[in-house]
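Undergrad: This structure is in structure tokens; I'll ask about it shortly.
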Amino acid sequence: MAERFPIFITVRDRVTPLRDLIDWLERSGQDEIWLVDNASTYPPLLEYLDASPHQVLRLEHNLGHRAPWLCGAIQRNARGRFFVVSDPDVVPDEACPLNALQVFRRLFKRHQVDKVGFGLRIDDLPNHFPLREDVQQWEGRFWREEVEPGVFHAEIDTTFAMYRPPTRDAGERALRTGTPYVARHTPWYVDPAALTDEDRYYREHADPTISNWDREELPAWKRRWLNNFAELDRLAATEAGGHQ
């Protein structure tokens, strides 16, 4: 039987990827799942939450991606245990083995890190995605520093990751896994010329200060970061060429 972990998923006005994520978790033997709803109003999602066999925590306000911590759900329900936090739109790849969480757990035994999560696919992003090249530039940094075969030292925000038991000293040291232990960030595959009702509803009700990859243009702050990374890469390449 697979080891069980407390799993917290931040929910906001999207049901299709959430359903796929929950299906994968259930097939992998996980059933301690908390759905932390950030004041959603999308009717199909509300119906899904009403029918869910899992724990649903309904918040009065949108607390953003840090909601599982800010509302106290993690502190109350994951004390002394490794736990998982995910956004609702990160779904393991179809070829991802169901023992991914056990793989994450074992990596903590070999590396002094605070969290371990999925690498995100950027090799199959569709041409219709307006931010395709930006995402590949941003995420490409996380595939560079391989610490062991198929494991990379890389930052993780609140995409799917396992964390050490909650402590006051929790840090940001993180690993991401490579193929086959990868996931898709589903907004990167949306065709802006063929939005579903769910896509339109989400965009109309999303907080622009929280959603960064769900529009046709990046927020100015993220564009500045991308420009900075590009300049650092250029300088590194110039320096490397000077030493040849």
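Any read-out appearing in this document is the output of simple, stated calculations on the displayed coordinates, not a laboratory observation. Predicted, not measured: the structure shown is a model, and the values here were computed from it. Cβ atoms come from the backbone with ideal geometry, glycine included; neighbour counts cover every protein chain shown.
Undergrad: Between the range 107-143 and the range 1-72, how far is it from one alpha carbon centroid to the other, in angstrom?
TA: 23
Undergrad: Ranked by Cβ crowding within 10 angstrom, fewest neighbours first, how are Arg79, Arg121 ordered?
TA: The fewest-first ordering by Cβ neighbours comes to Arg79, Arg121.
Undergrad: Quick one: if the Förster radius is 30 Å, what FRET efficiency do Glu145 and Asp207 give, using the C-beta to C-beta distance and rounding to 0.05?
TA: For R0 = 30 Å, the calculated efficiency reads 0.40.
Undergrad: Now a separate question. Gain in length, Asp123 to Asp157, computed as 0.36 nm per residue apart minus the alpha-carbon separation, to one decimal in nm?
TA: Value of the extension gain: 10.2 nm.
Undergrad: Run the Debye formula on the Cα coordinates of the range 1-80, all scatterers equal and no solvent, and tell me log10 I(q)/I(0) at q = 0.16, 0.18, 0.22, 0.23 1/Å.
TA: Values, matching the q order: -0.58, -0.73, -1.06, -1.14.
Undergrad: What shape does the range 101-157 take by its C-alpha gyration tensor, where a ≥ b ≥ c are the square roots of the eigenvalues and a/c under 1.5 counts as rounded, a/b above b/c as prolate, and the rest as oblate?
TA: prolate
Undergrad: Say each of His54 and Arg27 gets a label point 7 Å from the Cα, pointing the same way as Cα to Cβ; how far apart are those two points in nm?
TA: 1.5
Undergrad: Would you mind putting 87-97, 60-70, 122-132 in packing order, based on average other-beta-carbon counts within 10 Å, highest first?
TA: The peptides rank, most packed first, as 87-97, 60-70, 122-132.
Undergrad: For the peptides 194-201, 157-164, 25-32, what is the packing order when you average, over each peptide's residues, the other Cβ atoms within 10 Å and list the highest mean first?
TA: Top of the packing list down: 157-164, 25-32, 194-201.
Undergrad: Using a cut-off of under 14 Å, list every residue of the range 44-82 whose amide N is near the label point 7 Å from the Cα of Asp197 along the Cα-to-beta-carbon line.
TA: Backbone N within reach: 44-48.
Undergrad: Full-extension gain between His111 and Thr179, please, as 0.36 nm times their residue separation minus the C-alpha to C-alpha distance.
TA: 22.6 nm
Undergrad: Oh, and also: Largest first and to the nearest Å, give the Cα extent of the range 52-154 along each principal axis.
TA: Here the Cα extents, ordered largest to smallest, are 39, 37, 23 Å.
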